[in-house]
Amino acid sequence: MGPNGAGKTTTISMLATLLKPTSGEASVNGFNIKTQKDNVRKSIGIVFQDPSLDEELTAYENMDFHGRLYRIPRVIRTEKIKELLKLVELNERKNDLVKKFSGGMRRRLEIARGLMHEPKALFLDEPTLGLDPQTRNHIWEYIQRLSKEKNVTIILTTHYMEEADKLCDRVAIIDKGKIIALNTPRNLKDGIGGDLITVETPDAESLRSRIEEFPWFKSSKQHDSFITVNVVDAEKHVAKIAKISCDSDIEIKSITVHKPTLEDVFLHFTGRTIREEEAGSGEHIRMVHRARKRR
Amino acid sequence: MDVIYTIWLRNVKRYLRSKSRIIGSLGMPIFFLLTLGFGLNSVISVPGMEHDYIRFLIPGIVAMSVLFTSVFSGIQIIWDKQFGFLKETLVAPVSRVEIMLGQTLGGATTALIQGLIILVFSLFLGGSVSSVTGFLVAILFMVLIGLSFTALGIAFASPMEDMHGFQLIMNFVIFPVFGLSGAVFPISTLPPFLRYLTYIDPLTYGVEGIRAGLLGTSQINPLVCFFALVGFATFMIFLGGYLFKKMKV
């Protein structure tokens, strides 16, 4: 995960042996990416950020082309194509030209294609960029299913925080070419401090002093009629806070719970938000361009 | 071999599917055949040849359509680059040389088909094929032109990022190659400085080779043509392969 230009695609390109690293070592499935290129290539499947299908060929032919390039024998090839096209629900459209496909269908086909030679690792470079929310959810479901059913390591890059949060067991935050944090989404979020509960009440002072007596209390801040309480597991403590105020006859106007998101994590590690990063980075133009390409 | 065949197959499939491309690239050669052929037939007699001008012209126009189709097929890898398909091919565990050879053979095949269509068409305009051997000789030279110039297209396309350079190649490479090849005029009567230019134009040997096959007479010995063109094809395939290998995606 990281902003545009952080080095996500460059990292993937290097791991996929398309780009020579200027320095350092890396290995995929135990094979050195500089000296054992062919073995690395056999071990990985990849879905590029930009579409990489032949539009003038049918879905089946695109799959078949891939299978032949990876020297999969004909019998296995035909079987695999059928199985994978069913998995991504494109078997009915297998004889249609790819140029008639929507953006989401193309993505699905690319994912199926990337799995054909049974790679140990599947790289997905921004798999949902430029897709509508519905299609995005759909793709997420496929990705989750794949990692379970196919027992394949999936490495995906994204700059959508929720995508990383929802799909990934481990998240690395990359910025300016360096990985600055690597952990489970949960640990990353917990690592920057617990949840925040903000209570609005006319009698902030006394409520605060009542809450501070409890052992689960970590710290709090007060601002006019708002108290912000820092706790672990906010959901469990909202009710308690409500009960305390009720017991002490303190009126509550509103309660909001804020769980730290990966966005907060990112902010914590880089000192700025991804949105700020993107302002003026030409992202919009790029998106329009991509949308046009995908049609 | 599988890989070369796979790339070849894709090229041929794409070609056969794009009807507009087939018809579109027939337009210019047929136009040349009709206008030059009929327009100049009565005013030009080719020295040293008893044939009509139109029969002299036909091998030149066949060579022309092979030339244009093959360069275009080679240049096509720019589209593959832009539409991202090339990456899919390059990330597979196959050598780039295989990919380049598949592409070259595919381009040469489509160019040969295109040339044959023109040849068949020309039969209706008074053209003829002298013998089976002659026909095979003509095909051999068409294949050699196809291989050379698809490889040339790939060589040009490899370092190019987009199609902006295409016009440049058309105007400064392809048209001069065609114009200087003696496709539309006999080279033996040219002033010396121009004649030497035609001798360094590889297409000259292709045109003369096809002419030797179809008409049975030519201004350059067919064997000379054969070796000159095989040499050029080999050179271009090596150069194209080298540049394709160095290409960045």
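The values are calculated or read from the model by the stated rules, or taken from the named source; none is laboratory data. From a predicted model like this one, the values you see are computed outputs, not experimental measurements. In this analysis, Cβ positions are derived from the backbone assuming ideal geometry, glycine residues included, and neighbour counts consider all displayed protein chains. When the accessible area is computed, the model is the full protein with side chains, heavy atoms only, and any ligands, DNA or RNA have been set aside. Shrake-Rupley method; radii C 1.70, N 1.55, O 1.52, S 1.80 Å.
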- prompt: Taking segment A:40-49 as the region of interest, how many residues are touching a residue at least 40 places away in the same chain (Cβ under 8 Å) and more than 7 Å from every other protein chain (Cβ to nearest Cβ)?
  reply: 5
query: Right, B:ASP52: open to solvent by 70 Å² or more (accessible area, probe 1.4 Å) and either modelled with pLDDT of 90 or more or more than 14 Å from chain A (Cβ to nearest Cβ) (or both) or not?
result: yes
- prompt: Exactly one of (1) of a type in the set (A, V, I, L, M); (2) open to solvent by 20 Å² or more (accessible area, probe 1.4 Å); (3) within 24 Å of B:PRO93 (Cβ to Cβ); (4) facing another protein chain (nearest Cβ under 10 Å) is unmet by A:LEU97. Its number?
  reply: (3)
Matching residues, segment A:6-52, being among the hydrophobic types (A, V, I, L, M, F, W, C), within 21 Å of A:ARG71 (Cβ to Cβ) and open to solvent by 40 Å² or more (accessible area, probe 1.4 Å): A:PHE31
statement: The one condition B:VAL177 fails out of (1) aliphatic (A, V, I, L, M); (2) within 30 Å of B:GLU161 (Cα to Cα); (3) touching a His at 6+ places or on another chain (Cβ under 8 Å) is (3)
Test: B:PHE68 is touching a Pro at 6+ places or on another chain (Cβ under 9 Å), buried (at least 19 other Cβ atoms within 10 Å of the Cβ) and under 25 Å from A:HIS117 (Cα atoms): no
task: Among residues belonging to segment B:10-43 that are within 14 Å of chain A (Cβ to nearest Cβ) and without any contact (Cβ under 8 Å) to a residue 24 or more places away in the chain, point out the one that is least open to solvent (accessible area, probe 1.4 Å).
output: B:SER18
- prompt: Does any residue in segment A:198-219 that is modelled with pLDDT of 80 or more come within less than 6 Å, Cβ to Cβ, of a residue that is open to solvent by 50 Å² or more (accessible area, probe 1.4 Å) and aromatic (Phe, Trp, Tyr) six or more places away or on a different chain, and which pairs are these?
  reply: A:THR198/A:PHE226; A:GLU200/A:PHE226
message: Which condition from (1) open to solvent by 10 Å² or more (accessible area, probe 1.4 Å); (2) closer than 20 Å to B:SER181 by Cβ; (3) among the polar types (S, T, N, Q) is the one that B:THR133 breaks?
response: (2)
- request: Please specify each residue of segment A:128-172 satisfying the condition of being farther than 15 Å from A:LEU188 by Cβ and either touching a Cys at 6+ places or on another chain (Cβ under 6 Å) or among the aliphatic types (A, V, I, L, M) (or both).
  value: A:LEU129, A:LEU131, A:ILE139, A:ILE143, A:LEU146, A:VAL152, A:ILE154, A:ILE155, A:LEU156
- request: Might you let me know whether segment A:50-59 holds any residue that is more than 9 Å from chain B (Cβ to nearest Cβ) and within 30 Å of B:TRP8 (Cα to Cα)?
  value: yes
- prompt: Looking at segment B:149-167, is at least one residue more than 16 Å from the chain's Cα centre (by Cα), at pLDDT below 90 and hydroxyl-bearing (Ser, Thr, Tyr)?
  reply: no
query: For A:VAL75, are the conditions met, namely being β-branched (Val, Ile, Thr) and surrounded by fewer than 19 Cβ atoms within 10 Å (Cβ to Cβ)?
result: yes
- line: Among residues of segment B:62-103 being more than 14 Å from every other protein chain (Cβ to nearest Cβ) and of a type in the set (Gly, Ala, Ser), the residue farthest from B:SER25 (Cα to Cα) is B:GLY74
